[in-house]
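Remarks on the structure that follows.
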Amino acid sequence: GENVEQHPSTLSVQEGDSAVIKCTYSDSASNYFPWYKQELGKRPQLIIDIRSNVGEKKDQRIAVTLNKTAKHFSLHITETQPEDSAVYFCNQAGTALIFGKGTTLSVSS
Amino acid sequence: NAGVTQTPKFQVLKTGQSMTLQCAQDMNHNSMYWYRQDPGMGLRLIYYSASEGTTDKGEVPNGYNVSRLNKREFSLRLESAAPSQTSVYFCASSRGGLAVSGNTIYFGEGSWLTVV
């Protein structure tokens with residue numbers, strides 16, 4: 001069946017460093033790739049998404065890249081700040097069922 | 001515009017007790033979902049309702065029942081709570097259905113349930 005694998009499960013960086021989280025999906029028909037951020041004790045919320053007709057999308061310090069041939073998409077956070085510390089989830093095609101297991105990002109100052 | 005509202009926020013149950021988690025959305029969304037979140041397990045779908053009047057099992061439905069009361073409301077019931085059901089529960093909704101691409105999912109604030 002369809003699945004999405006997310007790596008790494010935990011990521012620790014120093015403030016100002018970059019962070020990259022990758023998700024690999026199985027459904028070749030997928031054409032929408034969102035990322036959700038969940039701060040401690042809060043609800044997951046959409047932070048950025050990309051559709052299959054583009055290879056990259058940026059929003060200030062965050063970006064998402066898509067490689068349809070290899071069937072993976074990545075979240076890039078540059079100049080990390082302590083408030084970026086959270087759990088990040090990828091989601092395949094916007095289908096509610098298929099979330100990655102999450103990456104816990106810790107940014108230390 | 002409150003989005004997705006779920007109650008209660010915190011609950012402690014004794015093993016064998018029953019309870020219902022309530023959820024309502026005011027975005028006129030067709031689809032609603034219940035997830036549980038456990039450490040290291042991500043978000044796992046318990047049940048979903050693609051439209052008013054329909055419900056379907058997700059990945060981990062055992063021990064739960066749901067009711068789509070109307071388009072706005074989707075409740076989750078634990079008939080006989082077990083310690084394994086200790087978790088954080090999230091209700092969510094989306095405009096489109098389960099397999100609709102481009103489906104932004106809006107979550108409630110979560111319900112922390114402890115079964116002792």
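Since every read-out is calculated from the coordinates, none of them should be taken as a lab result. Quantities reported herein were computed from a predicted structural model and do not represent experimental measurements. With ideal geometry, Cβ positions are generated from the backbone for all residues, glycine too; neighbour counts draw on all protein chains shown.
Near residue B:57, which lysines are there with a Cα under 19 Å away, not counting those fewer than 8 places off in the same chain? By straight Cα distance, residue B:57 reaches B:71. Mean silhouette area of segment B:1-63, derived from the convex hull of its C-alpha atoms and averaged over all directions, reads 5.5 nm².
Among B:93, B:111, B:18, A:74, the ranking by other beta carbons within 10 Å of each residue's beta carbon, starting with the fewest, stands as B:18, A:74, B:111, B:93. If only the Cβ of Lys and Arg carry +1 and only the Cβ of Asp and Glu carry -1, the dipole of chain B around its Cα centre is close to 60 debye. From least to most packed, judged by other beta carbons within 10 angstrom and beginning with the fewest, B:19, B:41, B:32 follow the order B:41, B:19, B:32. In this simple spin-label approximation, residue A:29 and residue B:109 carry label points 7 Å from Cα along the Cα→Cβ vector, and these lie 3.9 nm apart.
Considering the options B:15, B:35, B:50, tell which one lies farthest towards the positive end of the dipole of segment B:1-59, charges being +1 on Lys and Arg and -1 on Asp and Glu at the Cβ, about the Cα centre. The Cα lying farthest towards the positive end belongs to B:15.
Sparse packing (at most 14 other Cβ atoms within 10 Å of the Cβ) combined with a DSSP loop state is found for the following trypsin sites (Lys or Arg not before Pro) in segment B:1-38: B:9, B:14. Remark: the protein assembly as shown carries a charge dipole of roughly 400 debye about the Cα centre, counting +1 on each Lys and Arg Cβ and -1 on each Asp and Glu Cβ.
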